[in-house]
C-alpha cells in the first residue's frame, strides 16, 4: 500500500472585499422617479399598440382590466400616480 502524497498547496482563506450596503433597491429617489416616468411612457405605448391591433373599444376594455390588476397588486394610490404620470407624459408630447 502506498503512502498518500502530501500536497504542496495549502488552503488559504482570502478575505473578500465588503459588499456595499444599499438601503433602497433603486439606489436613489431620482432613479425611482425616472423608472416611474419610463413605466408611464411604456403603458402609453402599449395602449397605442393595442388600439391599433384591436380597436379603441377593445383597447379601452383591456386598459380597464390592466388598471384593476395594478390596483389589486400595488394599491389605488400607485394606480393614481401612474395615471397622473401618463397624463403628464401625454401633455409633454
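Bear in mind these aren't lab numbers, they're just calculated from the coordinates by the rules spelled out. As the structure is a computational prediction, the values presented were derived from the model and not from experiment. Methodologically, a virtual Cβ is constructed for each residue, glycine included, from the backbone with ideal geometry; neighbour enumeration extends over all protein chains shown.
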Exercise. Rounded to the nearest 500 deg cm²/dmol, what is the calculated helix-only ellipticity per residue at 222 nm for the chain, with -39500 (n - 2.57) per DSSP H run of length n ≥ 4?
Worked result: -23000 deg cm²/dmol
Seminar exercise, completed: In the list [x] 2, 12, 16, 14, 11, 9, 9, 7, 7, 6, 4, 2, 1, 0; [y] 3, 13, 24, 26, 18, 10, 5, 1, 0; [z] 2, 10, 13, 16, 13, 7, 5, 4, 4, 4, 4, 4, 4, 4, 3, 2, 1, 0, the entry giving P(r) over Cα pairs in 5 Å bins from 0, in percent computed from the coordinates is [z]
Seminar exercise, completed: The Cα extents of segment 25-66 along the principal axes, largest first and rounded to whole Å, are 39, 17, 11
Exercise. Fewest first, what order do 17, 56 take by the number of other Cβ atoms within 10 Å?
Worked result: 17, 56
For this session: Mind pulling the angle between the C-alpha long axis of helix 76-92 and the longest principal axis of the chain? Nearest 10 degrees, somewhere in 0 to 90.
Result: 70
